[in-house]
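Here is the structure we will look at, set down as structure tokens.
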Amino acid sequence: MDRRTFVRGMCLGGAATFALPMVRFAQVPGDGKLVFVLLRGGFDGLAAVVPLGDPDYVKIRGSMAFEASDVAALEDGFGLAPGLAPLRSVWEDDELVVLHAMAIPYRTRSHFDGQAILETGLSRLQGSSDGWLNRLLQIMDGERSGIAVAAGMPRSLSGPHPVASWSPAQLGAVDDPYLDRLAVLYRADRRLHDRFEAALQLRELASGMESGGAGPQAGRGRVAPVMTAAARFLREPGGPNVAALEFSGWDTHANQGMAGGQLDRLLGQLSEGLLTFRTEMGDAWRDTTVVVMTEFGRTARPNGTRGTDHGTAGAGFVLGPRVARSAVVTDWPGLGERALYQDRDLNPTLDTRAVLKAAIAGTFDLTGAQADRVFPGSNDVRGLWTLMR
């Protein structure tokens, strides 16, 4: 490896936090990989996974109701929004579970509170608790590791178990003499040198990402490059066991749009990113599970600015060869006036923790008791064990 090229890549591409002394991603027994994708802002589940079979759907959504011809049909009267239609190929391969009427256990319409509950995996707000992904790493046997591919460290990965992070943010160019002096400076301190080298190795694995401007806020095409970077880390021999990614911009209070509109374009970026990740993982895809969630859904009725406001239950996805089969998983509450939560939201009938317990157990061959330890206080929430093989 050309060291100067390697150091330059780190400085240009922004390998952010130096959390691991060296990037030796040792594996737990087995080859399972779990990727948690958080869509910050609360996306509209009724627009992403369209309940065309509900007799009250058109009435409650009004001018924001999709036509059947716009939707990629799945099963039981549900279909994917146009932007998510490319995921039909994953569905046909029996690798896509669509979740609906799902919510965190804590009722809130605050982004901050909703994301905190989802990322800590708790049933209520509780100080500075560690994240559920970090607890997962703590309870797994053997050596294990995690990585955040994000602008900062997501709360889901925060905690006592050391993890790495990589951010594709641009930091600007430096000349070769500066790089040489920087390398000497780090080499003089063993502790700093090890962490510096860890960051350099992360940057090398994701080489080429910086040229696309692919940060989590990078606009058009922002998801696929970040998903590509994540795949490059995860597919490496001895790569991390878990990864956390996040994308913002899902808070569509106004001009949400329909086919080809604001939200649908974001959904198109999401589907492109997921399919890119699947391809980039190569042979490692067979052992990989991807979970996509958001902190809450949105109001069943559109608002006066052709958008939707903060709601309760919404939709999510689990992808990978380890799912039992493609299915729409929901205890559908209906969209009739009396069925709504607080007369405004899709009523929650599926707990996010039930899904996450099943996903981690099926990916890493954990017991139900181990899954319960990842989500303290959730013993009464039965894992959705039929979700995975």
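The values are calculated or read from the model by the stated rules, or taken from the named source; none is laboratory data. Because the structure is predicted, anything quoted here is derived from the model rather than measured. Using ideal geometry, Cβ is built from the backbone for each residue, glycine included, and neighbour counts are taken over all protein chains shown. When the accessible area is computed, the model is the full protein with side chains, heavy atoms only, and any ligands, DNA or RNA have been set aside. Shrake-Rupley method; radii C 1.70, N 1.55, O 1.52, S 1.80 Å.
For Arg265, the solvent-accessible surface computed with a 1.4 Å probe is close to 140 Å², ligands and nucleic acids excluded. Taken over the Cα atoms of region 225-363, the convex hull encloses 122 Å³ per residue. Each of Ala68 and Asp31 was given a label point 7 Å from its Cα along the Cα-to-Cβ line. The distance between the two points is 4.3 nm.
Whole-percent P(r), region 236-292, all Cα pairs, 5 Å bins from 0: 4, 14, 22, 20, 14, 11, 8, 5, 2, 0. A crude spin-label estimate for the pair His253 and Thr305, with each label 7 Å from Cα along the Cβ direction, gives 0.5 nm.
Each residue of region 281-292 is assigned a 3J(HN,Hα), and the resulting list reads 5, x, 5, 5, 4, 4, 10, 10, 10, 10, 10, 10 Hz, derived from the Karplus form 6.51 cos²θ - 1.76 cosθ + 1.60 (θ = phi - 60°), x at Gly and Pro. Heavy atoms of the protein chains alone define the surface here; on that basis region 258-342 has 35 Å² accessible area per residue at 1.4 Å probe size. With a simple spin-label model that places each label point 7 Å from the Cα along the Cα-to-Cβ direction, the separation between Arg338 and Asp283 comes to 5.9 nm. Working note: Cα atoms of region 292-364, range along each principal axis, descending, whole Å: 45, 24, 19.
Length available on full extension from Glu75 to Tyr106: 0.36 nm per residue minus the Cα-Cα distance, which gives 8.2 nm.
A 1.4 Å probe, protein heavy atoms only, puts the accessible area of Asp309 near 50 Å². Amide H contacts for Ala300 (H built 1.01 Å from N in the peptide plane; partners 5 or more residues away or on another chain; cut-off under 5 Å): Asp345, Leu346.
In a simple Cβ point-charge model (Lys, Arg +1; Asp, Glu -1; nothing else charged), region 283-389 has a dipole of about 180 debye relative to its Cα centre. Residues Trp332, Trp91, Trp166 ordered from highest to lowest accessible area at a 1.4 Å probe: Trp332, Trp91, Trp166. With the biggest extent put first, the Cα atoms of region 30-132 measure 47, 40, 20 Å across the principal axes. Only protein heavy atoms count here; under a 1.4 Å probe, Lys33 has an accessible surface of about 10 Å².
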